[in-house]
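One structure is given below, encoded as structure tokens.
The values are calculated or read from the model by the stated rules, or taken from the named source; none is laboratory data. Note that this is a predicted model, so its numbers are computed, not measured. So basically every Cβ, Gly included, is an ideal-geometry build from the backbone, and we count neighbours across all protein chains shown.
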Amino acid sequence: MDFYGTIGPACADVKLLQQMVEAGMTGIRMNLSHGPLAVHKDWLALLRKAGVKKLLIDLQGPELRIGRLPQPLSLTAGQTVRLGAQGIHCPAALVHSVQPGQTLLLDDGKLLARVDTAEPEALVCTVVRGGVLQSRKSLAAPGADIQMPTLTAEDKENLAIAANCGVTGVMLPFVRGAEDIRSLRQALAEAGAPQLKILAKIENLAGVQALPEFLPLVDEVVIARGDLGNAMPLWELPRCQKQLSAACRAAGVPFMVVTQMLDSMHTRAVPTRAEVSDIYNAVLDGASSLMLTGETAAGQYPVQAMEYLVRTARTAM
């Protein structure tokens, strides 16, 4: 079984990475939504020195995200905020696709806004659930049909150098169907890296519904519960996770479970009972790998989080 962390400022240190490897970490994820592979030469050197054997890159793909902010933005309920021109940068496809009344979920649903007015180049919104918004956080518009390309120009630049950077696998966000996988396969072939594994992230209802058609085309499925939990009432997410796990098992395709596995360990040295139960059950369901995201990238206890992930999982194996 594989255990992945996510590299970020909290663990970008050789000693910490070595301790995570000693705890059982077999690989690490690099989220390229926060910067291209070419600017992370320092992180790549740290990973090699620490002996991290597997490196997954998480592409931008058709995911919606806000742009870069000069500084974190505190939003309060009832506040008016603009997305688009003269406001918080967001993809033009979003601005042109949604109507007044549309709800928008930011940062995996931590913040919620409602579109009041759809201008030609911006959305005027009211904050319903406030919080602190940081650069490049996720943005979801449940129910809206927003056409985004499978790969961005930056994704293709990252793929061109991926093999030379030691990348072993590529995670494609928001897979909508078999055509997305074929597009990535073609891009990898053009980049001279057809050997890299493809991990399809299930993050929306289109991906859930299309799973049977692209299961034979991927090396691993990623049940990414952050945005997937925005695509449906949250109380339906556990059932969906179980159904996806069963489909992967039946097809003999490995799958990974990710998002908020140990979310409380951003700030606590010990996880909740519910979190360790979640890990244990994911292994019982047949997960081939588990991944920590913010817990290691930005949390206060990256080594301890990896220890809890590995030790809990191994009790279920």
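Given the residues 237, 215, 309, which is the only one that is part of a helix (DSSP H, G or I) and either under 16 Å from residue 2 (Cβ atoms) or touching a Cys at 6+ places or on another chain (Cβ under 6 Å) (or both)?
Step by step, each of 237, 215, 309 is checked, and only 309 is part of a helix (DSSP H, G or I) and either under 16 Å from residue 2 (Cβ atoms) or touching a Cys at 6+ places or on another chain (Cβ under 6 Å) (or both).
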Check region 230-244 and report whether any residue there is aliphatic (A, V, I, L, M), more than 18 Å from residue 109 (Cβ to Cβ), under 20 Å from the mean Cα position of the chain (by Cα) and at pLDDT 95 or above.
yes
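When the residues of region 14-41 are narrowed to those that are among the charged types (D, E, K, R) and modelled with pLDDT of 95 or more, which ends up nearest to residue 153 (Cα to Cα)? First the steps, then the outcome.
Quick first cut of region 14-41, residues among the charged types (D, E, K, R) only: 15, 22, 29, 41.
Filter once more, so that each one left must be modelled with pLDDT of 95 or more: 15, 22, 29.
Working: 15: 35, 22: 37, 29: 21 Å.
Across region 14-41, the extreme among qualifying residues is 29.
Looking only at region 281-292, decide whether some residue is over 23 Å from residue 52 (Cβ atoms), more than 18 Å from the chain's Cα centre (by Cα), of a type in the set (Gly, Ala, Ser) and surrounded by 20 or more Cβ atoms within 10 Å (Cβ to Cβ).
Taking region 281-292 and keeping what is over 23 Å from residue 52 (Cβ atoms), we get 281, 284-286.
Those left that are additionally more than 18 Å from the chain's Cα centre (by Cα): 281, 284-286.
After this cut, where a residue has to be of a type in the set (Gly, Ala, Ser) as well, the list is 286.
Now restrict to residues that are surrounded by 20 or more Cβ atoms within 10 Å (Cβ to Cβ): none.
Scanning region 281-292, I find no residue that is over 23 Å from residue 52 (Cβ atoms), more than 18 Å from the chain's Cα centre (by Cα), of a type in the set (Gly, Ala, Ser) and surrounded by 20 or more Cβ atoms within 10 Å (Cβ to Cβ), so the answer is no.
Collect the residues in region 96-109 that are surrounded by 15 or more Cβ atoms within 10 Å (Cβ to Cβ) and either assigned to a strand (DSSP E or B) or not hydrophobic (A, V, I, L, M, F, W, C) (or both), keeping them in residue-number order.
At the first step, the residues of region 96-109 found to be surrounded by 15 or more Cβ atoms within 10 Å (Cβ to Cβ) are 97-98, 102-109.
Those that are surrounded by 15 or more Cβ atoms within 10 Å (Cβ to Cβ) and either assigned to a strand (DSSP E or B) or not hydrophobic (A, V, I, L, M, F, W, C) (or both): 97, 102, 103, 104, 105, 106, 107, 108, 109.
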Condition broken by residue 145, with the remaining ones in (1) crowded, with 18+ Cβ neighbours inside 10 Å; (2) assigned to a loop (DSSP other than H, G, I, E, B); (3) on the phi < 0 side of the Ramachandran plot satisfied:
(1)
Only one of 267, 259 is assigned by TED's automatic domain parsing to the domain that holds residue 26, within 26 Å of residue 143 (Cα to Cα) and of a type in the set (Ser, Thr, Tyr), namely 259
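Among the residues of region 229-242, what is the count of those that are closer than 20 Å to residue 277 by Cβ and in contact with a Leu (Cβ under 9 Å, 6 or more places away or on another chain)?
Taking region 229-242 and keeping what is closer than 20 Å to residue 277 by Cβ, we get 229, 234-242.
Among the residues that remain, those that are also in contact with a Leu (Cβ under 9 Å, 6 or more places away or on another chain) are: 229, 237, 240-241.
Within region 229-242, residues that are closer than 20 Å to residue 277 by Cβ and in contact with a Leu (Cβ under 9 Å, 6 or more places away or on another chain) number 4.
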Does region 27-46 contain any residue that is of a type in the set (Val, Ile, Thr) and buried (at least 23 other Cβ atoms within 10 Å of the Cβ)?
yes
Test each condition in (1) within 30 Å of residue 144 (Cα to Cα); (2) assigned to a helix (DSSP H, G or I); (3) within 17 Å of the chain's Cα centre (by Cα) for residue 296 and report the one that comes out false.
(1)
I need the full set of residues from region 267-280 which are surrounded by 18 or more Cβ atoms within 10 Å (Cβ to Cβ) and either touching a His at 6+ places or on another chain (Cβ under 9 Å) or outside any loop (DSSP other than H, G, I, E, B) (or both), in order please.
275, 276, 278, 279
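Quick check on this structure: which one of 181, 198 is assigned to a strand (DSSP E or B), surrounded by fewer than 24 Cβ atoms within 10 Å (Cβ to Cβ) and modelled with pLDDT of 95 or more? Steps first, answer last, please.
On the way: 181 fails: assigned to a strand (DSSP E or B).
Criteria check complete, one pass: 198.
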Kindly evaluate residue 42 against the criterion of being closer than 23 Å to residue 260 by Cα and not aliphatic (A, V, I, L, M).
no
Any idea which residue in region 263-297 is nearest to residue 215 (Cα to Cα), counting only those that are among the aliphatic types (A, V, I, L, M) and touching a strand residue (DSSP E or B) at 6+ places or on another chain (Cβ under 9 Å)?
287
For region 130-142, which positions are crowded, with 16+ Cβ neighbours inside 10 Å, outside any loop (DSSP other than H, G, I, E, B) and on the phi < 0 side of the Ramachandran plot?
133, 138, 139, 140
Given (1) out of contact with any strand residue (DSSP E or B) (no Cβ under 7 Å at 6 or more places or on another chain); (2) assigned to a helix (DSSP H, G or I); (3) more than 29 Å from residue 161 (Cβ to Cβ), number of the condition residue 260 does not satisfy
(2)
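Quick test for you: out of 93, 45, 38, 12, pick the one residue that is assigned by TED's automatic domain parsing to the domain that holds residue 205, farther than 27 Å from residue 310 by Cα and either part of a helix (DSSP H, G or I) or in contact with a Phe, Trp or Tyr (Cβ under 7 Å, 6 or more places away or on another chain) (or both).
Values: 93 fails: assigned by TED's automatic domain parsing to the domain that holds residue 205; 45 fails: farther than 27 Å from residue 310 by Cα; 12 fails: farther than 27 Å from residue 310 by Cα.
None of the other options fit; the residue is 38.
In region 218-229, which residue that is assigned to a loop (DSSP other than H, G, I, E, B) and crowded, with 21+ Cβ neighbours inside 10 Å is modelled with the lowest pLDDT? Before you say what the answer is, go through the steps one by one.
Taking region 218-229 as the starting set, the residues that turn out to be assigned to a loop (DSSP other than H, G, I, E, B) are 218-219, 229.
Checking which are crowded, with 21+ Cβ neighbours inside 10 Å leaves us with 218, 229.
Working: 218: 98, 229: 92.
Among them, the one singled out is 229.
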